[in-house]
Amino acid sequence: MSDFPVFPPGFEFGAATSAYQIEGGTRDDGRGPSIWDTFSRRAGAVSDGTSGETACDHYHRHREDVALLADLGVSVYRFSVAWPRVQPSGSGPVNARGLDFYARLVDDLLEAGIKPVATLYHWDLPQPLEDRGGWRSRGTAERFAEYTALVAERLGDRVARWITLNEPWCSAFLGYANGEHAPGAREGTPALAAAHHLLVGHGLAMGALRAAGVREAGISLNLDRVRPATPDPADAEAALRAETQRNLMWTDPLLTGRYAPGEPDTFGELIERQDFRREGDLALVSAPMDFLGLNYYTPSTVRAAPWREPDPARRTAMDNRFEGVDHPGVRHTAMGWAVVPDALRDLLVSLRDRYGALLPPIHITENGSAEHDVPAADGIVHDADRIAYLESHLRAAAAAIADGVDLRGYTAWSLLDNFEWAFGHSRRFGLVHVDFPTGTRTPKASYHWYKAAIAASAAREHRGE
Ligand code: GBH
């Protein structure tokens, strides 16, 4: 089986999940409500009308899930801590029973020889904080740092690697600009304030992690490989605006301590005031990180779009004169996302080229595909398309390493079919099939493929190749 993608010794293979997408048990042991509990109840917000109320019931079945990870042979597992379990009202004293759950999970992982990687915020903001403005308000960034300190104090001795935020672009723009994610707002300047406060929250949380003695800390960003649809200069400008909104307005402040140069043009008159920015913020935001987490699924091809000036209520921070177009000639996943593994390699190389020595080592913290999975007569999902997706993207990642990119690990999205946000249970990303609502787990063919790829890599390392 020499055909598996080959990585340097020490490369870490893993799998990833997030709290709201798998845990269920949303009312158990004193957990408070999150913005996703509220948003999921809104008519039409989630396409199949489901919510994370039960999800994979991981809150009660985590032992079984750790056993699946152990059998898979991963060396790391990326999960997220639900803030509403730790602080039901988003601030104040800790809810011990909530934190106990993560302590048990971490102990079980360590016992199975799996390194826990904890994400502190994967979109499940406590509802009481949203009621006080959510990420539009700087107070949420401050509360996030307090919550981070509580979690790190309890788990910092056993969790070596920490991720502050997952994909703040999604929290800011899907949450506060186009309303596709919780809390479902469609705003202009407030969405940009949310983006800034997420970065400030990250910086403050980095400080809290350092104070707790954490040595490996970073952030996970969804970065895009952006290409213009045509050679038309208008499309090139549109691509630069997309690049700024998707990538540079995050990576530039985080890695260089400067705001992205094209940002004012990207948002134009949508930024009415910038008084959410304070002196000293950039120093906070650019606190040195030990790694950059990259979530990658698909590239984006964009073209120029007209400035829409209808109803002022519709002037969200998404109306910024570019729009995505299809990427023809390649397979598309069940999300409708184009499968372009070379774009992952190009993205990794472009990060290295833009940031050079300022770029910390990279971990791919999410990559995977939703497919039209149907169990066959033998009960197994024969997901050849997912295997092809994983294999081609792992090869692209290995190629980037050969190009000189310092890439250290890969956590596949996702261990389990789960609650896929606005798509509910209508999209499946798991290596393990989950039957809803029974929760029965059945490894798919891709799980067995990934297990063999990890084993082959370990065997090669053992032989000293
Ligand atoms: C991740 O987000 C999440 O972290 C994870 O929780 C989720 O389950 C997983 O991906 C699968 O969806 O050009 O406007 O169509 C993915 C974030 C960001 C990926 C936007 C697709 C295209 C946006 N997505 N991107 S658009």
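A compact table of results
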{"read-out": "Output for region 315-357, where each listed residue is over 14 Å from residue 298 (Cα atoms), surrounded by 15 or more Cβ atoms within 10 Å (Cβ to Cβ) and not basic (Lys, Arg)", "value": "316, 317, 318, 319, 320, 322, 323, 349, 350, 351, 355"}
{"read-out": "Residue identified as more than 12 Å from the ligand (Cβ to nearest atom), closer than 28 Å to residue 350 by Cβ and without any contact (Cβ under 8 Å) to a residue 24 or more places away in the chain among 248, 198", "value": "248"}
{"read-out": "Residues of region 321-338 classified as touching an Asp or Glu at 6+ places or on another chain (Cβ under 9 Å) and either assigned to a helix (DSSP H, G or I) or within 13 Å of the ligand (Cβ to nearest atom) (or both), total", "value": "7"}
{"read-out": "Contacts under 7 angstrom Cβ, first residue in region 412-424 being more than 16 Å from residue 54 (Cα to Cα) and of a type in the set (Gly, Ala, Ser), partner more than 7 Å from the ligand (Cβ to nearest atom) and assigned to a loop (DSSP other than H, G, I, E, B), 6 or more apart", "value": "412/367; 412/368; 412/431; 414/17; 414/368; 414/430"}
{"read-out": "Flag for residue 283 being surrounded by fewer than 18 Cβ atoms within 10 Å (Cβ to Cβ) and within 17 Å of residue 255 (Cα to Cα)", "value": "yes"}
{"read-out": "Boolean, residue 146 is more than 16 Å from the ligand (Cβ to nearest atom), touching a residue at least 24 places away in the same chain (Cβ under 8 Å), within 21 Å of residue 95 (Cβ to Cβ) and acidic (Asp, Glu)", "value": "yes"}
{"read-out": "Residues satisfying the stated conditions in region 416-453, i.e. β-branched (Val, Ile, Thr) and out of contact with any Leu (no Cβ under 7 Å at 6 or more places or on another chain)", "value": "438, 440, 442"}
{"read-out": "Count of region 148-192 residues which are within 19 Å of the chain's Cα centre (by Cα) and not hydrophobic (A, V, I, L, M, F, W, C)", "value": "15"}
{"read-out": "So residue 162, is it closer than 16 Å to residue 292 by Cα and either of a type in the set (A, V, I, L, M) or within 15 Å of the ligand (Cβ to nearest atom) (or both)", "value": "no"}
{"read-out": "Tally, over region 393-422, of residues that are hydroxyl-bearing (Ser, Thr, Tyr) and surrounded by fewer than 16 Cβ atoms within 10 Å (Cβ to Cβ)", "value": "0"}
{"read-out": "Test: residue 455 is touching a Pro at 6+ places or on another chain (Cβ under 6 Å), away from the ligand (no atom under 16 Å from the Cβ), at pLDDT 95 or above and part of a helix (DSSP H, G or I)", "value": "no"}
{"read-out": "Scan of region 201-225 for residues that are surrounded by fewer than 21 Cβ atoms within 10 Å (Cβ to Cβ) and either of a type in the set (Gly, Ala, Ser) or within 16 Å of the ligand (Cβ to nearest atom) (or both), ordered by number", "value": "207, 211, 212, 213, 222"}
{"read-out": "Filtered residue count, region 283-338, keeping only those that are aliphatic (A, V, I, L, M) and at pLDDT below 95", "value": "4"}
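Residues are listed down the side, and each one gets a yes or a no for (1) farther than 30 Å from residue 185 by Cβ; (2) of a type outside the set (S, T, N, Q); (3) out of contact with any Asp or Glu (no Cβ under 9 Å at 6 or more places or on another chain):
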site: 16; (1), (2), (3): no, yes, no
site: 53; (1), (2), (3): no, yes, no
site: 63; (1), (2), (3): yes, yes, no
site: 66; (1), (2), (3): yes, yes, no
site: 78; (1), (2), (3): no, yes, no
site: 81; (1), (2), (3): no, yes, yes
site: 85; (1), (2), (3): no, yes, no
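The values are calculated or read from the model by the stated rules, or taken from the named source; none is laboratory data. Keep in mind the model is a prediction, meaning the values are calculated, not measured. Please note: Cβ atoms are built from the backbone with ideal geometry, for glycine as well, and neighbour counts cover all protein chains shown.
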